[in-house]
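The structure appears below as structure tokens.
The values are calculated or read from the model by the stated rules, or taken from the named source; none is laboratory data. Please read all numbers here as calculations on a predicted model, not as lab measurements. All Cβ positions, even for glycine, are placed from backbone atoms using ideal geometry, and neighbour counts span all protein chains on display. Side chains included, ligands, DNA and RNA excluded: accessible areas come from the protein's heavy atoms. Shrake-Rupley method; radii C 1.70, N 1.55, O 1.52, S 1.80 Å.
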Amino acid sequence: MGKKVWRAAVAGGAAALFTGVAAVPAGAAEGGVSFTRVQVNGGKPIVIGASKEVAVPTSFRMATTHKWKWPAVFLYRGGTGDRLWHAIETSDCIKVSSGVCDFNETMYFDPSVWDMHNSEAGAWKVAAEVSFQGGGGDTDGEDLTVYVKRSSRLTVNASPEPVSKSGTITVTGKVTRANWETKKYASYEGRLVSLQFKPTDASSYTTVKKVYANGSGDLRTTVKASKTGTWRWVYYGNTTTAPSTSAGDHVVVK
């Protein structure tokens, strides 16, 4: 992916900007460094919308006797340095013992700034790296997988309101997902979406039926009116797209 821009914190809290050239993200470049306790987003997928910046909490421990600078955790695919373009802000060393530091890091993903591509949604591996003062460094692959997903949205409308008992309720909606290349939400056709209902006196929703979105992402089905309650759509997502739940539409049955 060429170069990526990092935003890092240096001693004294000053901000520094620098670029890192893609490196082979598996194995040690020069050795002498151990990365442990690596966590990215608490193990949850990273969900990115069409335009707003997403801050992803990351942490790791580094042990080394080298004099170092710019330690960081990053995401990659393959073994050729194909990194996901984003900004990074890393804390100063939180000293654990001699030569051992904990770090808090934040990854910033912003489709309105970075040139993100829809093909970048999906599974990414995790690696950690550090540069040594005087030259060289170490890059180690971690046994972690992080999913980066395009966010999705759902709308709902149930009518008529109110409706006679045993009458027909028509429930419509639309499923869309973020297009990182156009920076807008677009129709997500062919998705299997669950229609759920919660009676007024109930505390949870129950799936009534499942409906496929058409070529425009539109949802439409009919149900028989039996109780007053709230209708909603739920999409459970996949490896490239995050799940979503519509707002509820309350229908009174007379």
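Across region 208-223, the number of residues qualifying as under 15 Å from ASN157 (Cα atoms) and either among the β-branched types (Val, Ile, Thr) or in a strand (DSSP E or B) (or both) comes to 7. Restricting attention to region 145-162, does a residue exist that is farther than 25 Å from VAL38 by Cα and open to solvent by less than 10 Å² (accessible area, probe 1.4 Å)? Yes, some residue in region 145-162 is farther than 25 Å from VAL38 by Cα and open to solvent by less than 10 Å² (accessible area, probe 1.4 Å). Considering region 222-240, the residues that are charged (D, E, K, R) and in contact with a Phe, Trp or Tyr (Cβ under 9 Å, 6 or more places away or on another chain) include one that is nearest to TYR212 (Cα to Cα), namely ARG232. Looking only at region 191-207, residues that are over 17 Å from ASN157 (Cα atoms) and either under 26 Å from the mean Cα position of the chain (by Cα) or not in a loop (DSSP other than H, G, I, E, B) (or both) come to 3 in all. Taken together, VAL175, VAL193, VAL223 contain a single residue that is β-branched (Val, Ile, Thr), within 30 Å of VAL113 (Cβ to Cβ) and in contact (Cβ under 8 Å) with a residue 24 or more places away in the chain, which is VAL175.
Filtering region 106-125 to residues that are under 14 Å from PRO71 (Cα atoms) and surrounded by fewer than 22 Cβ atoms within 10 Å (Cβ to Cβ) leaves only THR106. Residues in region 197-231 that are under 22 Å from LYS254 (Cβ atoms) and among the aliphatic types (A, V, I, L, M): ALA202, VAL208, VAL223, ALA225. Here ALA225, ALA186, ALA242, ALA178 are screened, and the one residue that is aliphatic (A, V, I, L, M) and open to solvent by 20 Å² or more (accessible area, probe 1.4 Å) is ALA186.
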